[in-house]
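Reading through the structure tokens given below for one structure.
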Amino acid sequence: MSELTRIILACVTGAISTFIALFFLPFGKTLLGHDRGRKYVEGSEVNIGKPTGVGIYFTMIFVFVCAEFGIHNRGMYLILNIMLLMSLIGFLDDRSKNAWGELSKGILDIVVAFIGSLIVMRFFGTDFLLSFLPGTYYLHPVVYILLATILFIVSINATNATDGVDGLSATVTILTAATLMTAAWIHGTLTLSTALYGAVMIVILIAYLFFNHYPSKVLMGDAGSRAIGFFLAFYFMYLKLPIAYLVLGLPFLIDGGLSILKITIGRLTHKKIIILPKLITPVHDHLKKKLGFSVPKTMLVISLFTLIIDIVYILAELIVVTR
């Protein structure tokens, strides 16, 4: 079987399986949790009672399809299992009557991120490329593990915080993954084998959007957003462009990351220091509450912002790298 055939079969299998799973939601009544709503979040009451945690379905499908059609080493199998573990942790939180404490989830994030970093360092190396600059660079394994752990934690939590508007997290992930793959192709680190994982994630999320576009019927919950965040961080490192997250991940960092930063600084200083006091975070809540944006308009604005960043980045890469 050719590599192109593998990608096509993997994408078709992933998309159809996700659509069927989310259409029928097997064991959904007993398996899934239901959205509790969020305090102080504009418009969150409309989601109360909707099935949440459906990310466990498409994460399981993603892992199975990639394991079946991908060509990889033991490290990739370990990464796929860690991603599934991250989804399971989020799923258990989604279906619990009371949300898990932030300390508990924070500790779990650190542990999972550290394990993921060890796997990346051991099986995929510490080499990386810098956007717009030639050459391959290397980090000491200890430094690489530290920075990779931070990237995992930031990506997991920023992606999770962004998942508060119908269709937003999936759409931004699709655009980010597609742009990352394009940048990796320009740099020569994208092959048919490495492209399979990003392509499968993209088509699975497109299938998910059939059920999550406004007004949503289902919600991915932490089971989906945290697994996606883990995958994105890994994929940036896998394609040897981890620094590119600082640019391509800006929509996540601005929308969801500012919320994490604001809360963290406030708690560490016992609320003596509150950064951006007039800004409601995540930023999508500010757009809805302060600027009066509807849910579709909020999703459109942030998605367009993402698209502009992606286009500018790729044009800059094409100009600099190929000159």
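What follows draws every value from the coordinates through simple rules; no lab data is involved. Owing to the predicted nature of the structure, the values given are computational and were not obtained by experimental measurement. So basically every Cβ, Gly included, is an ideal-geometry build from the backbone, and we count neighbours across all protein chains shown.
Odds and ends about this structure:
- Charges were assigned to the Cβ only: +1 to each Lys and Arg, -1 to each Asp and Glu. The resulting dipole of the chain about its Cα centre is roughly 780 debye.
- Charge dipole (region 3-321, unit charges on Cβ, about Cα centre) - positive-most of 252, 142, 70: 252
- Potential extension, residue 263-residue 73 segment - 0.36 nm per residue separation minus Cα distance: 64.5 nm
- Listed residues 237, 293, 268: farthest to the positive end of the dipole of region 236-301 (Cβ charges): 268
- For region 3-321: rounded, prolate or oblate by the Cα gyration tensor [a/c cutoff 1.5]: rounded
- Panel order for 60, 1, 237, by other beta carbons found within 10 Å of each beta carbon, from fewest to most: 1, 60, 237.
- Region 125-258 shape via C-alpha gyration tensor axes, a/c threshold 1.5: prolate
- Pair residue 115, residue 308: separation of 7 Å Cα→Cβ label points (nm): 4.1
- Stretch gain in nm, segment residue 27-residue 274, where the contour uses 0.36 nm per residue and the Cα spacing is subtracted: 84.5 nm
- Computed lengthening from residue 217 to residue 191, 0.36 nm per intervening residue step minus Cα-Cα distance: 5.7 nm
- Computed from the C-beta positions of residue 9 and residue 291, the FRET efficiency with R₀ = 56 Å rounds to 0.80.
- Normalised contact order of region 3-321, rounded percent, pairs of Cα under 8 Å and 6 or more residues apart: 25
- The calculated FRET efficiency for residue 107 paired with residue 138, based on their beta-carbon distance and R0 = 35 Å, is about 0.70.
- Approximate spin-label separation residue 122-residue 321, in nm, with each point projected 7 Å along Cα-to-Cβ: 3.0
- Set of lysines near residue 297 by C-alpha distance (under 30 Å), chain-local residues within fewer than 8 positions excluded: 39, 50, 217, 262, 278, 288, 289
- Residue order, fewest to most surrounding Cβ atoms within 10 angstrom, among 50, 297, 278: 278, 297, 50
- Helix screen, the chain: DSSP H segments with Cα axial length of 18 Å or more and mean Kyte-Doolittle hydropathy at least 0.5 are 3-24, 55-69, 74-95, 102-124, 141-162, 168-187, 192-212, 221-238, 295-321.
- Distance between region 297-323 and region 155-203 - C-alpha centres, whole angstrom: 13
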